[in-house]
Amino acid sequence: MNFLAHLHLADNSKTSLAANLAGDFAKGNIERFPKHLQQGIWLHRQIDQLTDTHELTKELESKFPKQLKRAAPILIDLAFDHMLAKYWDEYHHVSLKDFALKAYDAIDSCEDLPEQLQSLAPRIRSENWLVAYKNRKGLNQTIESVAKRVSKPEIFKGATAAVKTLDLEIEIAFRTFYPQLMAYSKIWTRNTPAEYL
């Protein structure tokens, strides 16, 4: 899952939006981060672990061309965010535009976020990343942006075309898997280890 899904799952489980997003940037032991971020980072890691190992996402990975094998898990995360944005009204009662503003405010007002997230936050808001996922152009721009930030951008060669070709398979996997993830996020929230509360 990428930014939008992590923020949505945080809202769905009534946990900190900013802390859940911080999990993307928080490396190492959770205990080294401020207490108000720990549950969100822990939840983020549970979500990523299930997503990376679930049979539905593994099956979807196998459908990508061989040259995209290393990029496929990242592309699935980005494509799932696109599906969530595209069908947002089916998963949340607040409009995507209003939810994005709430998320941006939560990020901006949260103290002690990892430095990389702090420096990225103004761009996330100014370029309206969460709403941009809704259309194909926004998804393609995100894929291209991620490709530029990795050490081997060539692993993304042909990525936008492959994601478009697999659109139906991605939607089926998303619609099957994401409701499970919404349920799991609530269960994990109730069962967060005491040391992270």
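The values are calculated or read from the model by the stated rules, or taken from the named source; none is laboratory data. This is a predicted model, so every value here is computed, not measured. Glycine also receives a Cβ, built like all others from the backbone with ideal geometry; neighbour counts cover every protein chain displayed.
All told, LEU9 falls short of being outside any loop (DSSP other than H, G, I, E, B), over 15 Å from the mean Cα position of the chain (by Cα) and within 18 Å of TYR104 (Cα to Cα). Screening region 128-163 for residues that are of a type in the set (Lys, Arg) and farther than 20 Å from MET1 by Cβ and picking the one that is surrounded by the most Cβ atoms within 10 Å (Cβ to Cβ) gives LYS157.
Residues of region 154-166 being in a loop (DSSP other than H, G, I, E, B) and more than 20 Å from the chain's Cα centre (by Cα), which ones?
LYS157, GLY158
Note on region 11-40: among residues that are buried (at least 23 other Cβ atoms within 10 Å of the Cβ) and without any contact (Cβ under 8 Å) to a residue 40 or more places away in the chain, the one that is nearest to GLU195 (Cα to Cα) is GLY40. Note on region 14-82: enclosed helices (runs of 4 or more DSSP H) holding 1 or more residues that are over 17 Å from the mean Cα position of the chain (by Cα) and more than 19 Å from ARG149 (Cα to Cα) are 35-53, 55-62. For region 87-146, residues that are among the small types (Gly, Ala, Ser) and either closer than 19 Å to ASN20 by Cβ or touching a Ser or Thr at 6+ places or on another chain (Cβ under 6 Å) (or both) total 6. The sole residue among ALA132, ALA85 that is in contact with a Gly (Cβ under 9 Å, 6 or more places away or on another chain) and modelled with pLDDT under 95 is ALA132. Considering each residue of region 116-134, count those that are in contact (Cβ under 8 Å) with a residue 12 or more places away in the chain and of a type outside the set (A, V, I, L, M, F, W, C), and give that number. The number of residues fulfilling the criteria is 5. Looking at the structure I just gave you, is THR51 buried (at least 18 other Cβ atoms within 10 Å of the Cβ) and either closer than 16 Å to LEU78 by Cα or free of Cβ contacts under 8 Å to residues at least 12 places away in the same chain (or both)? For THR51, the condition - buried (at least 18 other Cβ atoms within 10 Å of the Cβ) and either closer than 16 Å to LEU78 by Cα or free of Cβ contacts under 8 Å to residues at least 12 places away in the same chain (or both) - is met. When the criteria are applied in full, ARG125 meets the requirement of being touching a helix residue (DSSP H, G or I) at 6+ places or on another chain (Cβ under 6 Å) and surrounded by fewer than 18 Cβ atoms within 10 Å (Cβ to Cβ). Scanning region 168-179 for residues that are exposed (fewer than 15 other Cβ atoms within 10 Å of the Cβ) and either in contact with a helix residue (DSSP H, G or I) (Cβ under 7 Å, 6 or more places away or on another chain) or without any contact (Cβ under 8 Å) to a residue 40 or more places away in the chain (or both) yields a total of 5.
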